[in-house]
Every structure is written in C-alpha cells, then in structure tokens.
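What follows is one structure encoded as structure tokens, with my remarks underneath.
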Amino acid sequence: MAQTRFSRFAWGLLTYNLAVILGGAYVRASVSGDGCGEHWPTCNGSLVPMSGRLATFIEFSHRASSGLLLPLILVLVVWAFRAFPRGHVVRKAATAGLLLTLSEALLGAGLVLFRLVAHNQSVSRAIVMPAHLVTTLLLLMSLTLTAWWASGGSRPKLRGQGAMGWALGIGLFAALLLGVSGAIAALGDTLFPAASLAEGLRKDLDPGAHFLISLRVFHPLLSLSTCIYILLVGGLALRLRPSPQVKTWAGAVGTMFLVQMGAGLLNLVLLAPVWMQLVHLLLADLLWISLVLLTASALAEGVPQVEATTETLVSTATRAVFGDYVALTKPRVISLLLFTVLTAMFIAAGSENRPWPSAWVFLMVSLGFYMSAGAANTINMVLERDLDVRMARTSSRPTVTQKVSPRTALQFAMLMLVGSFTVLWWAANLLTAMLALAGLVFYVIVYTLLLKRRTWRNIVIGGAAGAIPPLVGWAAVTGDLSLLAWCLFGIIFLWTPVHFWALAIVIKDDYARAGVPMLPVVYGDRATVYQIGIYALLTLGISVSPILMRQQDGRAMVGWVYLGVAALLNAGLIARSFKLYLQPGKTQARSLFKYSMVYLALLFLAMAIDRAYRV
C-alpha cells in the first residue's frame, strides 16, 4: 500500500513538473525573464514583490512554482528510501532527480545573474539555455522512471542487450540533441519574430542573418530525422523485444510522433505564437516520456531478445568472413539503387548550370548511400529469417546459416546506419542524410514490418522506399528538391510494380511456400500481368513528362536526346509487357524483369547525359 501511494505521488510530481516546464517556456516566450531584474533568489531585492510590471508577476510565479519542486523532490527521495529496499532502482532514480533539480536551479540562476534573459542575443545564452533544457529533460526522465519502477515496472537489464540497447540509447541521445535545436529555434522565434512565413524563410536563408536565425533552420530537418529514427527503433523494439509494455509504448511513440509533426508544421505556419509554442513543447515532453518508457520496457528483465536466439536454421560449420558481411548488404540489389543516386547527382548538377557534381561529394554520397541501403537490407535479413529459410533463393543468406548471428548482423546494421547519416550530413547536407534515413525506415517499418506479410499491395506502397535514392542524389548537389527531382521519384515508384511483379511471377512458388501474399500468389498470373500493363503505361506517362517542365530561364528541363531514348525504352517496356499479357509465364516474366533493370538504368543515364550536354 505504501508503494502504491508513493507511485501516485511520483506520477503527480511528474505532472507538476510538466506544468513548471510550460511556465518557464512562457517566461521565455513572453520576454519576461528580466521581470525580477538581476536578483536571485530574491525578486527585485524582495523575497515577495508586492508590486511591479506584469513581467515581474510572470517571472516570480515561475520561480515560486519551480522553487516548490525542491521540497517535493526531497519528499520523494526520503519516501523512496523508506518504501524501497537498499539498492532498489527507485531509490537511484529519485536521487538522480534530486541532483538534476539542483543543477536545473543553478542553471536558471545563472541565466538571471548573468542577464541571459529577455532580449539578450549572446552566444552564452544560446549555450546555457539549451543546457538548461537538457537538464530539464533528464529530470523528466528520472521522475518518469521513478514513477514507472514504483508502479511495478521491471528493473532494467542493461548488459547483453546488443545493438537494440545501443539503438535505444542513440534514440534518447538524438532526442536530447533535438531538444537543444528546439531551444535554439524557439529562442530565435522569440527574439526575431517574422511578420509572415515568407519573411521568416528569407531571414533563415540570408547569409548575413544573426546566428540564432541561421541555426533555427536546422530544427525542422533535425526533428524529422530524429523522429524517423525513433520510429525505426520503435518498430524494431516491437519485433525484437515483444511484450505488452513495449507494444503500448511503441504505439504511444508513433502516435506522439504524428501529432508532434502536425503541431510543428502548424507552429511554423502560424509564426510560432506563444500558445502554440507551449503546445509544441508539451507534446515534445510527452514524446520524450513515451520514448523513455519504451526504452525502459524494451530493456527490462524478462523481456525476450528475439535476435539473440542461437538456433541454426540451416546447418553450417564455417565462420563469417568479409564476404558474408558484404552479402548482408545485398550488393546486387543496391547496385541499381546506387546508380540512380549517382545519375541523379549529374541530373541535378545540370540544374545548377554545371555538368559535373563535386568529385568529393560524389564519392562520399556513394559511400554514405551504400551504407544506408546496406543497413536497411541487413535489418531486413534479421527480421525475415523465418521467411528466408523457406525460400530457395534466400535460404543461404548469412543470417539463415548463422555465419553471421542475428545479433551481430543487427550491430553491423546500426554501425552502418549511424555512419551513413554522419557521412552524408558531413559531406553533403542534413537534407541528404535525412532522406537516406527516411528511405531506410520506410523500407524496414512500412514495407518489411507492416505490409509484406499482410497485403499484395506491399510492393506498390513499399516501392516508395526504392524511389527515394534519386532524391538523395539530387539533394546532395542542390540542397533542395525541385519538381524534376520528384519526377525521378515518381518514375521509380511507378516502375517498381512492373519490375517486381515480373520477378514475383518467376519465383511465385517460393513466395507461396513462405506464405508471402505477393500478387501472383493471391490472384494468379493473369491478374498480375494486367496490373503490370497498367503500371507500364503509367511509367511511360511520367517518364516523358519532364519535357513539359521549364527552368527559370524558360528552357525545357530535358531535351530531345532524353525524349528520344525514353521513347525507345518505353516502347520496349510496353512491348514486353504486352507479350507477357499474351503469353503469361515464367519465361516472358523473366525477360521483362531483366529488361526493366536495363530500362531504368538507361533512362536515368540518358537524362544525365542530356542535362550535361545542355549545360
């Protein structure tokens, strides 16, 4: 009973702390941080100010509410030591909360005493304020874990978690970095408000703008990158750490991600009014709490570690060699994707009025994208071992034969994922890194986990993952995404069903044996070739559409060289699709499958040559 009352108190204190955080955000957003002057802990020299400006009332109210936290935290710590035995995690979490409360108070005092409040635009404020926010988030974490463990949550098991532990840890660290960028962006919005969205964007892109304005432009992309990664972690936790608590909190993380993205967009469109800033911050805190609880649930004692299983699905006595790790990345699959990235870089260079992209960027993007796609393919192998063992063409994969254990393969994938994001951001830009990460997450979460085993439309929707590579190449050169870039995306998106369903006809028996609901398995060859014909016609339409697009100087985006090659290639695609319709079978399907690869490669190559020639 005592522990039940304690857990209720802990949850209540967590809720109160959220209210205090919002109060502090209101002080900053209303520019009331100097309401008590340079005095601390007094307010304008008085313990309780009897009169003053509205800013004084706002600032003092926040000080009073945050000051009440310390005695409440002390009560929490004393109660934890009385209600729980020596060494219990609740004691440790509550003690951490006390230390973080003291640290937060000192940072808050520093902001006031050094006048890093109100209209201050210094670098010091841009450093101390995010540090204050990170401390606040860590305090939220300690209070959340105190309440969670006091409510019966299993104690953590940090050792032996492998890549899943590192993945969750990286997610928490990325969320902290996102908090830092959010604090800087909010400070920039407060000190440099814009009269319109267009004016705000002009300020963001102005090379002579104040550093707080220049830095805030990173927050939306960093926010998307972090949330996309967190979705990946949540999906992996659902599959690799199955438990009711993981399911609950992974769902909460996914829901909060969608709500927070909507709120962030609304905050941008409305020019960050004070009330919307508070809503955005509250949602960010709730997302953080959900992520903390997902991590605590996934790393709890007694939760099964699916990737740590040691059963050998196919007997083997050999050790892993370099070639086995290369095989994890599926280099044959990546080769065509990488080709679309590189040719898209040349196509984009044409829009910049230069025939060639930078050699350094070209090489680093090649490396970074291969690592990203390889990480996606490796995670796919870890998640689909049960399917791979039933299919002839996949039964010799390293994760099936145990030449590389699933745990080791997952560690390898996470290293490549982090390395890819770092390389692409460093050598190109944040947008490029985010797009590559988005492609990885879409492939793993949407295609592999959500669609592949459930619907024959898996390849139609999931094909978006394979259509992202040209966006990566384009963004690496230009730093943005134009209409032509999205046209390249559309070409691959509509081409994918033609390509993949032709292969599905060839290996239909494999898919049927594995229980994968590919279109030929579910509705047969005749329905499949009919769909292939429709998508072949759609591919024809979008592949010739660039001839209608115009550059800023009025010239067409592509010329007759590309249009001529596209016409010939599409004639071949339509002819082979029609032949398959007349004679459904594996021979014609295999012919179409092979031609579709040549089609895409030559189409992108033709556009790259056309664009370079026109420059």
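For the Cα atoms of the chain, what angle does the longest principal axis make with the long axis of helix 359-383, in degrees from 0 to 90, nearest 10?
Approximately 90 degrees, to the nearest 10.
Compute the angle between helix 430-441 and the longest alpha-carbon principal axis of the chain, please, reported from 0 to 90 degrees and rounded to the nearest 10.
Once rounded, one gets 70 degrees.
From largest accessible area down, sort 404, 446; use a 1.4 Å probe on the protein chains.
Working: 404 0, 446 35 Å².
The most accessible residue leads, giving 446, 404.
Based on the alpha-carbon gyration tensor of the stretch 42-105, what equivalent-ellipsoid semi-axes (square roots of 5 times the eigenvalues) come out, in whole Å, largest first?
On the way: eigenvalues 229, 19, 12 Å².
Each semi-axis is the square root of five times an eigenvalue, giving 34, 10, 8 Å.
Once the Cα atoms of helix 560-582 and of the chain are each reduced to a long axis, what angle between those two axes, in degrees from 0 to 90 to the nearest 10, is obtained?
With both axes taken from Cα atoms, the answer is about 70 degrees.
Hey, if you put +1 on the Cβ of every Lys and Arg and -1 on every Asp and Glu Cβ in the chain, which of 412, 515, 341 ends up farthest toward the positive end of that dipole?
Checked the options; the winner is 515.
Per-residue HN-Hα couplings for the stretch 147-157, Karplus 6.51 cos²θ - 1.76 cosθ + 1.60 at θ = phi - 60°, whole Hz, x for Gly and Pro?
My calculation for the stretch 147-157 gives 5, 5, 5, 5, 8, x, x, 5, 5, x, 10 Hz in order.
Carbon-plus-sulfur fraction of the accessible area of the chain, 1.4 Å probe, in percent? Display every interim value, and only then the final one.
On the way: 18130 of 26590 Å².
That share works out to 68 percent.
Please work out how much accessible surface residue 407 shows to a 1.4 Å probe, ignoring ligands, DNA and RNA, in Å² rounded to 10.
Rounded to the nearest 10, that gives 60 Å².
To the nearest 10 square angstrom, how much accessible area does residue 525 have with a 1.4 angstrom probe?
Spelled out: residue 525, probe radius 1.4 Å, area about 40 Å².
Under a cut-off of 29 Å between alpha-carbon atoms, report the lysines in cross-link reach of residue 403, not counting same-chain residues fewer than 8 places apart.
157, 330, 452, 508
Tell me, how many Å apart are the Cα centres for the stretch 522-556 and for the stretch 574-593?
Between the Cα centres of the stretch 522-556 and the stretch 574-593 lies a distance of 18 Å.
Working with all protein chains in place, sort 322, 362 by solvent-accessible area computed with a 1.4 Å probe, largest first.
On the way: 322 165, 362 55 Å².
Most to least solvent-accessible, the answer reads 322, 362.
Counting only Cα, what are the radius of gyration and maximum Cα-Cα distance Dmax of the stretch 473-572, in Å?
Both quantities, over Cα of the stretch 473-572: 17.3, 56 Å.
On a straight-distance basis, which aspartates and glutamates could pair with residue 203 in a cross-link, Cα separation under 16 angstrom, same-chain partners fewer than 8 positions away excluded?
Candidates past the 8-residue exclusion: 189.
When all protein chains stay in place, what accessible area (Å², nearest 10, 1.4 Å probe) is found for residue 236?
0 Å²
Please give the charge dipole size of the stretch 349-464, origin at the Cα centre, charges +1 on K and R Cβ atoms and -1 on D and E Cβ atoms. Round to the nearest 20 debye.
Values: 11 positive and 4 negative charges, 96 e Å.
For the stretch 349-464, the charge dipole is close to 460 debye.
Return a whole-number percent for the relative contact order of the chain, with Cα pairs under 8 Å and 6 or more residues apart as the contact set. All intermediate terms of the calculation are to be shown ahead of the outcome.
Values: 887 pairs, mean separation 70.5, N = 615.
Normalised by residue count, the contact order of the chain is 11 percent.
Which Cys in the chain stand alone, with every other cysteine's Cβ at 4.7 Å or more from theirs?
Singleton cysteines: 227, 487.
For Kirkwood radius over Cα pairs in Å, one of (i) 25.3; (ii) 27.0; (iii) 29.7 was computed from the structure I shared and the rest are decoys. Which label?
Correct label, based on the coordinates given: (ii).
Considering the dipole of the chain built from charges on the beta carbon (Lys and Arg +1, Asp and Glu -1) around the Cα centre, which of 153, 476, 19 is farthest to its positive end?
153
Report the local net charge at residue 446: Lys and Arg +1, Asp and Glu -1, summed over other residues whose C-beta lies under 12 Å from its C-beta.
Net local charge, residue 446 excluded: +3.
Using label points projected 7 Å from each Cα along Cα→Cβ, tell me how many nm separate residue 613 and residue 54, to one decimal.
Distance between the two pseudo-spin positions: 6.7 nm.
Protein chains only, probe 1.4 Å: how do 275, 166, 11 rank by accessible area, largest first? It would help to have the intermediate numbers written out before the result.
Details: 275 145, 166 190, 11 85 Å².
Heavy-atom accessible area, descending, gives 166, 275, 11.
Just want the answer: with Cβ charges of +1 for Lys and Arg and -1 for Asp and Glu, which residue in 79, 30, 116 is farthest toward the dipole's positive end in the stretch 4-127?
In the stretch 4-127, that residue is 79.
Take every Cα pair under 8 Å in the stretch 445-513 that's 6+ residues apart, average their separations, divide by the length, and report that relative contact order as a whole percent.
Working: 46 pairs, mean separation 20.3, N = 69.
Once normalised by length, the contact order is 29 percent.
The values are calculated or read from the model by the stated rules, or taken from the named source; none is laboratory data. Every value quoted in this text rests on a predicted model; they were computed, and no experiment measured them. Ideal geometry is used to build each Cβ from the backbone, glycine not excepted, and the neighbour counts take in all protein chains shown. Just the protein is used for accessible areas: all its heavy atoms, side chains included, with ligands, DNA and RNA removed. Shrake-Rupley method; radii C 1.70, N 1.55, O 1.52, S 1.80 Å.
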